[in-house]
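Accompanying notes for the structure given below.
The values are calculated or read from the model by the stated rules, or taken from the named source; none is laboratory data. All values derive from a computational prediction rather than experimental measurement. Note that we place each Cβ from the backbone using ideal geometry, even for glycine, and neighbour counts take in every protein chain shown.
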Amino acid sequence: MFEKFKKKLVEIFSRKKIDPDEAAEEIPLKLIEADVSVETAEYLGNLVRNKLKDRDFSGELNDVLYASIKEILAIPKPDILNVNKKPFVIMFLGINGTGKTTTIGKVAKYLKSKGKSVVLSASDTFRAGAIEQLSMIGKEIGVEVIKHEKGSDPSSVAFDAIQHAKARNIDYVLVDTAGRMNTNKNLMDEMKKIKRVSNPDITLLVLDAVAGQDSINQARTFHENVGFDAVIVTKLDTDARGGSILSIYHDLRKPVLFACVGQGLDDIMQFDADWYIEKLMPENSIA
Ligand SMILES: Nc1nc2c(ncn2[C@@H]2O[C@H](COP(=O)(O)OP(=O)(O)OP(=O)(O)O)[C@@H](O)[C@H]2O)c(=O)[nH]1
Ligand SMILES: [Mg+2]
């Protein structure tokens with residue numbers, strides 16, 4: 001049954017011209033398979049249908065699909081490099097294991113490579129080993145880590161890190177936070193408090209591409225409870241096609257700032273729509 005369905009899709013997508021209604025029906029199914037939410041997938045299906053029906057748009061299906069996805073991905077990204085506040089405070093959020101701490105190392109290394117000074121705030125005082133993990137990353141890239149004891153108040157660590165940056169004229173403070181399940185109320189309360197105390201200039205949600213559709217629920221929970229400005233998606237070096245990214249753009253209207261593609265501290269890139277579409281729909285050879 002599934003094979004038959006797949007065969008049909010391959011057939012449809014390899015055809016040059018396509019019936020708009022057929023496209024609007026088949027495209028969502030294909031996208032949901034790549035972890036796009038039902039809502040976004042159906043929206044995109046309709047967008048493609050309307051473009052195909054529009055006589056001015058006489059492209060092939062691939063071009064139409066590409067243009068439609070690009071339209072969804074058109075939300076501008078915040079610029080964290082050309083900022084006019086010092087220190088510029090960046091808070092990182094995310095459930096456990098999405099890659100927050102590693103990503104902070106990557107962002108810190110990236111900022112350093114641009115000539116910026118950085119200090120890290122070890123505000124995950126919850127998980128055993130978290131402070132040591134961040135300290136090791138700090139040591140590796142040569143940036144200072146402000147830390148208190150395990151179990152201490154994460155907001156006061158962030159407060160100290162900001163004071164430290166102010167006193168030493170440091171450009172950026174990156175605040176690591178603890179991860180727990182997104183249904184955990186204590187986590188949300190803790191994040192709200194850190195946000196209130198540190199008053200970040202930007203809050204970034206770290207999502208893991210492997211989590212698939214669940215990352216949309218995670219994003220929604222953080223959006224409703226804490227708030228964030230943009231997303232970093234990790235583990236895009238895996239088989240995960242990252243369809244949830246499209247839903248983050250469409251359902252939550254939030255842009256993706258960086259894509260992380262490995263465990264190393266250099267495995268980070270600016271999120272690029274063309275690169276992403278290729279990953280999302282590889283067999284369509286969209287170019
Ligand atoms: N393949 C791959 N692995 C990654 C990537 N980013 C992070 N990881 C791995 O994911 C695991 C968890 O990373 P952490 O940075 O500790 O995640 P965290 O969100 O800080 O986790 P908690 O502090 O427990 O909430 C580690 O094994 C990382 O090496 C990525 O882009 N690709
Ligand atoms: Mg961590």
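Filtering segment 233-253 to residues that are within 9 Å of the chain's Cα centre (by Cα) and over 18 Å from Val38 (Cβ atoms) leaves Val233, Thr234. Summed over segment 92-138, the residues that are away from ligand 2 (no atom under 13 Å from the Cβ) and either aromatic (Phe, Trp, Tyr) or not assigned by TED's automatic domain parsing to the domain that holds Gln263 (or both) give a count of 1. Within segment 179-207, the residues that satisfy the criterion of being within 16 Å of ligand 1 (Cβ to nearest atom) and within 23 Å of Tyr110 (Cβ to Cβ) are Gly179, Ile194, Thr203, Leu204, Leu205, Val206, Leu207. Screening segment 163-193 for residues that are buried (at least 22 other Cβ atoms within 10 Å of the Cβ) and modelled with pLDDT of 95 or more and picking the one that is farthest from ligand 2 (Cβ to nearest atom) gives Ala165.
Is one or more of the residues making up segment 48-62 of a type outside the set (Lys, Arg), part of a helix (DSSP H, G or I) and surrounded by fewer than 20 Cβ atoms within 10 Å (Cβ to Cβ)? Checked segment 48-62: at least one residue is of a type outside the set (Lys, Arg), part of a helix (DSSP H, G or I) and surrounded by fewer than 20 Cβ atoms within 10 Å (Cβ to Cβ).
The residue that is surrounded by the most Cβ atoms within 10 Å (Cβ to Cβ), counting only those in segment 236-251 that are among the charged types (D, E, K, R) and farther than 15 Å from Glu42 by Cβ, is Arg241. Take the conditions within 16 Å of ligand 1 (Cβ to nearest atom), surrounded by 17 or more Cβ atoms within 10 Å (Cβ to Cβ) and over 20 Å from the mean Cα position of the chain (by Cα) and apply them to Phe159. Does it pass? No: the conditions fail for Phe159. In segment 88-102, of all residues being out of contact with any Phe, Trp or Tyr (no Cβ under 6 Å at 6 or more places or on another chain) and not in a strand (DSSP E or B), the one that is farthest from ligand 1 (Cβ to nearest atom) corresponds to Ile95. Of the set (1) crowded, with 17+ Cβ neighbours inside 10 Å; (2) part of a helix (DSSP H, G or I), all apply to Leu207 but (2). As a summary of the residue check, Trp275 satisfies the conditions (1) crowded, with 20+ Cβ neighbours inside 10 Å; (2) in a helix (DSSP H, G or I); (3) aromatic (Phe, Trp, Tyr) except for the one numbered (1).
Checked across segment 49-61, the condition of being modelled with pLDDT of 95 or more, among the acidic types (Asp, Glu) and more than 16 Å from ligand 2 (Cβ to nearest atom) holds for no residue.
Answer yes or no as to whether Ile146 is among the β-branched types (Val, Ile, Thr), under 24 Å from Gly99 (Cβ atoms), assigned by TED's automatic domain parsing to the domain that holds Pro200 and more than 16 Å from ligand 1 (Cβ to nearest atom).
Details: among the β-branched types (Val, Ile, Thr): yes; under 24 Å from Gly99 (Cβ atoms): yes; assigned by TED's automatic domain parsing to the domain that holds Pro200: yes; more than 16 Å from ligand 1 (Cβ to nearest atom): yes.
Criteria met by Ile146.
Output the number of residues of segment 105-135 satisfying the condition of being farther than 17 Å from Ser155 by Cβ and either in a helix (DSSP H, G or I) or out of contact with any Phe, Trp or Tyr (no Cβ under 9 Å at 6 or more places or on another chain) (or both). The number of residues fulfilling the criteria is 16. When you scan segment 124-138, do you find a residue that is surrounded by fewer than 14 Cβ atoms within 10 Å (Cβ to Cβ), within 16 Å of ligand 1 (Cβ to nearest atom), closer than 22 Å to Met269 by Cβ and modelled with pLDDT of 95 or more, even just one? No, segment 124-138 has no match at all.
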